[in-house]
Amino acid sequence: MTNPQRPTRPTLRRTVTTTGLFLFILGDVLGAGVYVLAGEIAGIAGGALWVPLVIALALALLTAGSYAELATKYPRAGGSSHYATRAFGPFVGSLVGVCMLSAGIVSVGTLALGFAGDYLSAFVSLPIVLVVLVFLGVLAALNARGISESMGVNRVATLIEVSGLLMVIVLGGIVIARGEGDPARLTELGTPENGPVAAVLAGTVLAFYSYVGFETSVNIAEETRDPARSYPRALFGALIVTGIVYALIGVVASGVVPTAELAGSTAPLSLVIEAAGIVPPVVFSVIALVAVANGALLTGIMSSRLAYGMASDGLLPGALTRLLPRRRTPWVAIIATTALSIVLALTGSIGVLAGAMVLLLLVVFIAVNAAVLVLRRDLVEHRHYRVPTVLPAAGLVSCLLLMTQVEWQVWRLGLPFLVVASAVAGLAAWRRGRRGHR
């Protein structure tokens, strides 16, 4: 007697182009981080703000190479969790998936709080609960409507974000050209508390956070028309453009604003706008709101696709694989991840949630870099991108190095998330093992 064929997994609609994917990654990486972290990096690294930003780019490119190979080799939603499952089994796959999913949900909740904070209060004063509910509800509706519609919004928002950063670069350049800045600060590396080497390492940890976001794009590889061709070009292109913009931001910010003043500000780039005296600072507040909203939209897309992919792998409840009949979007996963983000936004704080997110993502990146090396023996029939072996090995070492620079306060906040992720992973692996045994 023959065994019945396994039901075909529902597939997502392939509508994402290379340009759309490039803008998706660019919009996700050019998020709220650079708007608020430049001052903190300067406070750790000194006036040479651009140095940790450039080093962080190099480290991000190492791990990005691993994602480029795996996303084109296994182009399906699920991303990091799917790769880790193939390489190390369901427990590690579940652990990575839960860490990645937790980081995404936490990020959306954090960005919702950021949207409801000082930037919005410059225009209108509303209860945080109302803003969070409406904000995340609108983003969930847009996500459920379809990836094409979300990409359309992302294109517009990304152009606004980039224009805002270019504004900072141009106006900062004008201030320096007028002789009002101090280019000598660009070579000042280190602080009284940290020597040059310690300053670079600690500053790179924060700067690396500014590049986080590229890993979310693997979860829409299944919706990309030609992943093997489009994904590496879009990924590396977006990261390099981001690195150039960030380096220029670091140069003008440090050259225009004294280091101590830059380090003491929660809106460091607005100081550059104010120093130029050409564009009203309120314009930059609008751009910052767009940046936060766009980051939340893209991370929300990632979270829902990741939950969908993990459910397809049997690591989460099967209900999360349900798609809207016409839109082919994972509506149950969208509702579930949005609801959790709302709970976090209404019960947590930005500082508490953001630190744990960095640690969770470093765990994910370590697993992904290791998975590339393990899965080299797994051959596939279709063509895919292949990264030189030395790069994922270097990416693995770089992530471990960054983890050694994470402060104890962040470890103390992140460890509970890792404990919960391990418990969920163990339960998911046990359930999957029981199903396989039966």
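List of remarks:
- Phi-derived couplings, Karplus 6.51 cos²θ - 1.76 cosθ + 1.60 at θ = phi - 60°, listed residue by residue for segment 365-371: 5, 4, 5, 5, 4, 5, 5 Hz, with x used for Gly and Pro.
- Average accessible area per residue (Å²) across segment 84-192 - probe 1.4 Å, nucleic acids and ligands excluded: 42 Å²
- Between the alpha-carbon centres of segment 317-380 and segment 60-129 there is a gap of 5 Å.
- Accessible surface for segment 247-372, divided over its residues, is 32 Å² per residue with a 1.4 Å probe.
- Against the chain, whose longest principal axis is taken from its Cα atoms, helix 90-115 shows a tilt of about 40°.
- Segment 181-256 and segment 392-406: distance between their alpha carbon centers, rounded to Å: 16 Å
- Amide H contacts under 5 Å for Leu324: Thr329, Trp331, restricted to partners 5 or more places along the chain or on a different chain, H placed in the peptide plane at 1.01 Å from N.
- Cα pair distances in segment 34-168, grouped into 10 Å bins until the bin that holds the longest one, percent each: 9, 22, 37, 26, 5, 0
- Modelled spin labels at Val420 and Ala184, positioned 7 Å past Cα toward Cβ, are 5.1 nm from each other.
- The dipole here belongs to the chain: it is taken about the Cα centre, uses +1 on the Cβ of Lys and Arg and -1 on the Cβ of Asp and Glu, and is about 2500 debye.
- P(r), alpha carbons of segment 211-369 - 5 Å bins starting at zero, rounded %: 1, 7, 10, 15, 18, 16, 13, 9, 6, 3, 1, 0
- Rounded to 10°, Cα long-axis angle of helix 227-256 versus longest principal axis of the chain: 20 degrees
- Percent accessible area from carbon and sulfur atoms, the chain, protein chains only, probe 1.4 Å: 67 percent
- Most mobile of Leu413, Leu57, Leu320 in a GNM of the chain (Cα contacts under 10 Å): Leu413
- Size descriptor, Kirkwood hydrodynamic radius, that averages inverse alpha-carbon separations across the chain, Å: 22.0 Å
The values are calculated or read from the model by the stated rules, or taken from the named source; none is laboratory data. Only a predicted model underlies this, so the values are computations on that prediction, with no experimental measurement involved. Methodologically, a virtual Cβ is constructed for each residue, glycine included, from the backbone with ideal geometry; neighbour enumeration extends over all protein chains shown. Side chains are part of the model used for accessible areas, which takes the heavy atoms of the whole protein and leaves out ligands, DNA and RNA. Shrake-Rupley method; radii C 1.70, N 1.55, O 1.52, S 1.80 Å.
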